[in-house]
1. So, in the stretch 236-259, exactly how many residues are in contact with a helix residue (DSSP H, G or I) (Cβ under 6 Å, 6 or more places away or on another chain) and more than 8 Å from the ligand (Cβ to nearest atom)?
2. Kindly evaluate residue 262 against the criterion of being over 22 Å from the mean Cα position of the chain (by Cα), outside any helix (DSSP H, G or I) and either within 10 Å of the ligand (Cβ to nearest atom) or surrounded by 15 or more Cβ atoms within 10 Å (Cβ to Cβ) (or both).
3. Do we have residue 290 as in contact (Cβ under 8 Å) with a residue 24 or more places away in the chain, more than 19 Å from residue 249 (Cα to Cα) and away from the ligand (no atom under 12 Å from the Cβ) here?
4. For the stretch 221-259, which positions are within 15 Å of the chain's Cα centre (by Cα) and over 19 Å from residue 338 (Cα atoms)?
5. Using the structure shown, decide if residue 283 is surrounded by fewer than 16 Cβ atoms within 10 Å (Cβ to Cβ) and within 14 Å of the ligand (Cβ to nearest atom).
6. Quick one: count up the residues across the stretch 315-336 that are on the phi > 0 side of the Ramachandran plot and more than 11 Å from the ligand (Cβ to nearest atom).
7. Any residue in the stretch 207-228 that is within 14 Å of the ligand (Cβ to nearest atom), touching a strand residue (DSSP E or B) at 6+ places or on another chain (Cβ under 9 Å), more than 22 Å from residue 122 (Cα to Cα) and assigned by TED's automatic domain parsing to the domain that holds residue 62?
8. Return the only residue of 176, 108 being surrounded by fewer than 16 Cβ atoms within 10 Å (Cβ to Cβ) and farther than 13 Å from residue 84 by Cα.
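The values are calculated or read from the model by the stated rules, or taken from the named source; none is laboratory data. These figures come from a predicted structure and were not determined experimentally. Positions of Cβ are backbone-derived with ideal geometry, glycine not excepted, and every protein chain shown enters the neighbour counts.
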Ligand SMILES: CC(C)(COP(=O)(O)OP(=O)(O)OC[C@H]1O[C@@H](n2cnc3c(N)ncnc32)[C@H](O)[C@@H]1OP(=O)(O)O)[C@@H](O)C(=O)NCCC(=O)NCCS
């Protein structure tokens, strides 16, 4: 690269495509060991949280920095339950929206619309911002479930005041209380998706918030970013791929062809993990369990064959299953429609987005990277009549 006149500073220029390896913030929320395949939230290993915690407790941990006491958790859960309801106008608007856009686009609209009625909209004190955050985390599942009920011509099911976050979502979606075991599996899936450092959507939220814009705008930025197939949109595409493959005996040929044609296998690879994603390990166990429970091993057997071939072919390059590979199979057995997989990811990740925004703005500096100019140094302006 040749340095052009527009770059005013003459110090060493560092360029990292996709910001790989760039440290953009200090954080005490979570850490990933990409070599060992470890993930901790506020120091606690993800495996412990998956075993012992609930989404509500994990959300508290991520937002406030430590596990809640019994009374703090009760109060936090009570607040979450109370704040689940949507403003009437938003509920009505969801009924008017077209039935076929991707639900992630609907979620963007619903979050932006709900923000207009937020009683703490203008508040910027810590308590007000926290109420906004908790309200958002509580309302996103309602937005997703309501829209799904409306688009499928079913009555909306209001939140159930006695159910926890995960069980209540399945209840609002299906119109009946889930069995305890399935509610727990979904709860664990939400815990595993709740936070993951400065991934693209969290960074998008932080960039928006760093301009001192509001938390709702930051979450809208994050939702738009999560939608992409290289990020949260991968889970939905994994099941499309399993469908396309059809049977386990066709998996090897499919993968080898895809790799030959330089196509990506969704649900594999990660910027940080160069080994098995610890979240994928836990989700794989649940995918196995549910496949056995329902006597339908179609998806899991294709998935395991893909995994075997991918690790054989690309394991040495550090390409392993990521969180999105087995989550789709789990969601399928929980009766969640495919195009809601990414909205469900957003529902879980909303807490990670909010935690990072709250942490960053406490010691805020606007994000403003630079681009290295590689265009021409000088071009004459040619009047339009003379252009050919
Ligand atoms: C997640 C992801 C975007 C990370 O991208 P990244 O850190 O920029 O990695 P790169 O795109 O530079 O990939 C590095 C190498 O691995 C290969 N690779 C990465 N993921 C791959 C995949 N899923 N399938 C096939 N090859 C893959 C790339 O082709 C590249 O090969 P090359 O060095 O021969 O060019 C990428 O792994 C991917 O596209 N995965 C599929 C989508 C997905 O599952 N996303 C969810 C992430 S949680």
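1. The number of residues fulfilling the criteria is 9.
2. Working: over 22 Å from the mean Cα position of the chain (by Cα): yes; outside any helix (DSSP H, G or I): yes; either within 10 Å of the ligand (Cβ to nearest atom) or surrounded by 15 or more Cβ atoms within 10 Å (Cβ to Cβ) (or both): yes.
Criteria met by residue 262.
3. Working: in contact (Cβ under 8 Å) with a residue 24 or more places away in the chain: yes; more than 19 Å from residue 249 (Cα to Cα): yes; away from the ligand (no atom under 12 Å from the Cβ): yes.
Spelling it out, residue 290 is indeed in contact (Cβ under 8 Å) with a residue 24 or more places away in the chain, more than 19 Å from residue 249 (Cα to Cα) and away from the ligand (no atom under 12 Å from the Cβ).
4. Quick first cut of the stretch 221-259, residues within 15 Å of the chain's Cα centre (by Cα) only: 221-237.
Once the filter is applied, which keeps residues that are within 15 Å of the chain's Cα centre (by Cα) and over 19 Å from residue 338 (Cα atoms), the stretch 221-259 yields 221, 222.
5. Values: surrounded by fewer than 16 Cβ atoms within 10 Å (Cβ to Cβ): no; within 14 Å of the ligand (Cβ to nearest atom): yes.
So residue 283 does not fit the description; no.
6. Looking only at the stretch 315-336, we keep the residues that are on the phi > 0 side of the Ramachandran plot, and these are 318, 335.
Okay, now just the ones that are also more than 11 Å from the ligand (Cβ to nearest atom), so 335.
Of the residues in the stretch 315-336, 1 are on the phi > 0 side of the Ramachandran plot and more than 11 Å from the ligand (Cβ to nearest atom).
7. Going through the stretch 207-228, the residues within 14 Å of the ligand (Cβ to nearest atom) turn out to be 225-228.
Imposing the further condition that a residue be touching a strand residue (DSSP E or B) at 6+ places or on another chain (Cβ under 9 Å) reduces the set to none.
No, the stretch 207-228 contains no residue that is within 14 Å of the ligand (Cβ to nearest atom), touching a strand residue (DSSP E or B) at 6+ places or on another chain (Cβ under 9 Å), more than 22 Å from residue 122 (Cα to Cα) and assigned by TED's automatic domain parsing to the domain that holds residue 62.
8. Values: 108 fails: surrounded by fewer than 16 Cβ atoms within 10 Å (Cβ to Cβ).
Of 176, 108, the one residue that is surrounded by fewer than 16 Cβ atoms within 10 Å (Cβ to Cβ) and farther than 13 Å from residue 84 by Cα is 176.
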